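First up is the structure itself, then whatever we jot down about it.
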Amino acid sequence: MSVFDHPEFDDHESITWFSDSDTGLRAIVAIHSTVLGPAGGGVRRWAYASDAEALTDALRLSRGMTYKSAVAGVRFGGGKGVILASEDAPKSPELMAAFGRAVEALGGRYVTAEDVGMTVEDMRLVREQTAYVSGLPPVEQSAGGDPGPWTAMGVFLGLKAAVAFARGSDDLKGLRVAVQGVGSVGMQLCRYLNEAGAELQVADVNARNLDRARSELPVTVVSPDDILYTDADVLAPCALGNILDADSIPRIRAGVIAGAANNQLSTEDDGRLLTERGILYAPDYVINAGGIISCGLEYHGGASEADLREAIHRIPERLTKIFEESRSGGRPTSEVADAWARRIVAEGAGA
């Protein structure tokens, strides 16, 4: 099958494969759009089951980044890098340098940052090879740094907005929230939720993440196989995507879905399935935009941490407008958000 026939191909501008025999680097960088700016999007290092699965992830994630930046008003297009993790290519400074050279070879069309499996220190190593990097340690009082905490802040604020729209109040005290994935973003979200008085149910395939959650917060641990279907008021997916589909949606008991994971819907039709079930869905790339907002302000420069906080606090307003348009027009929230994003990109192309 040609990549042009791939079901996730969406007129992507370019897809580049990189290989470095000395370090074992195998990576893909997908650039979906540079209409609104350089293609911003983190790089994730993951053990994919196949090269085809890695390509699918890169294509879906890069398109999502275009939509995310467009709706959030960030001067980025959409791109994504994936590094195929394997025992033959362990993470090392040399591997990070090889990826940095790959980013440099794209001539500024793609701006990278940390994502799943990557750290601020990794970005520092990548930065030694290319200037097209964000998510670096910030200068005092300036915007930037690890985008994870900013993602978590935006998700928490967006979750409160979703709860307020669905229940008439954003008071989270006693509300049962099921968090799928307690890595860096999911764990920080749990801290916010605990402070707000929510009752937490958590799951993670990583035992160390669970141990940290149990030691720090009053949580109930649920099996990863059951977390989507537990008796909760809110479901917060904060792991990998592709979890909401025709099989899982009928079994979900939560009335609100608001989490940090990218590409939560398996297909576009799944947004309609959620609507038909009366489940309020916060479109993932709208609620989790805190990270790209941080990276964008850092990369383009001139913004303070106060500016960043102010920008992230606008996420609930955008979500509420999407919820209102969804309800008044009888369309899934995912369709409303997609239409917003496509319109913004189209207007940018015609500018």
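Values quoted throughout were computed directly from the atomic coordinates according to the rules given, and no laboratory measurement underlies them. What you see is a predicted model; the values in this text were computed from it and never measured. Glycine gets a Cβ as well: all are built from the backbone with ideal geometry, and neighbour counts include every protein chain shown.
The conditions of being surrounded by fewer than 24 Cβ atoms within 10 Å (Cβ to Cβ), in contact with a helix residue (DSSP H, G or I) (Cβ under 6 Å, 6 or more places away or on another chain) and not small (Gly, Ala, Ser) are not met by LEU106. Within segment 277-295, if we keep just the residues that are in contact (Cβ under 8 Å) with a residue 60 or more places away in the chain and of a type in the set (Gly, Ala, Ser), the residue that is farthest from GLY77 (Cα to Cα) turns out to be ALA282.
Scanning segment 91-109 for residues that are outside any helix (DSSP H, G or I) and touching a residue at least 12 places away in the same chain (Cβ under 8 Å) returns LYS91, SER92, LEU106, GLY108, ARG109. It is to be established whether one or more residues within segment 119-139 are of a type in the set (Val, Ile, Thr), out of contact with any Gly (no Cβ under 8 Å at 6 or more places or on another chain), surrounded by fewer than 18 Cβ atoms within 10 Å (Cβ to Cβ) and farther than 23 Å from ALA311 by Cβ. Checking segment 119-139: at least one residue is of a type in the set (Val, Ile, Thr), out of contact with any Gly (no Cβ under 8 Å at 6 or more places or on another chain), surrounded by fewer than 18 Cβ atoms within 10 Å (Cβ to Cβ) and farther than 23 Å from ALA311 by Cβ. Candidates are the residues of segment 1-40 that are on the phi > 0 side of the Ramachandran plot and in contact (Cβ under 8 Å) with a residue 40 or more places away in the chain; the one that is surrounded by the fewest Cβ atoms within 10 Å (Cβ to Cβ) is GLY24. I'd like the full set of residues that are farther than 16 Å from ILE287 by Cα, among the hydrophobic types (A, V, I, L, M, F, W, C) and under 12 Å from the mean Cα position of the chain (by Cα), limited to segment 30-76. Scanning segment 30-76 gives a single hit, VAL43.
Okay, residues lined up against (1) surrounded by 14 or more Cβ atoms within 10 Å (Cβ to Cβ); (2) within 22 Å of the chain's Cα centre (by Cα); (3) among the charged types (D, E, K, R); (4) closer than 16 Å to ILE292 by Cβ:
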| residue | (1), (2), (3), (4) |
| --- | --- |
| GLU310 | no, yes, yes, yes |
| ILE315 | yes, yes, no, yes |
| THR320 | yes, yes, no, no |
| PHE323 | yes, yes, no, no |
| ARG327 | yes, no, yes, no |
| ARG331 | yes, no, yes, no |
| ALA337 | yes, yes, no, yes |
| ILE344 | yes, yes, no, yes |
| GLU347 | no, no, yes, no |
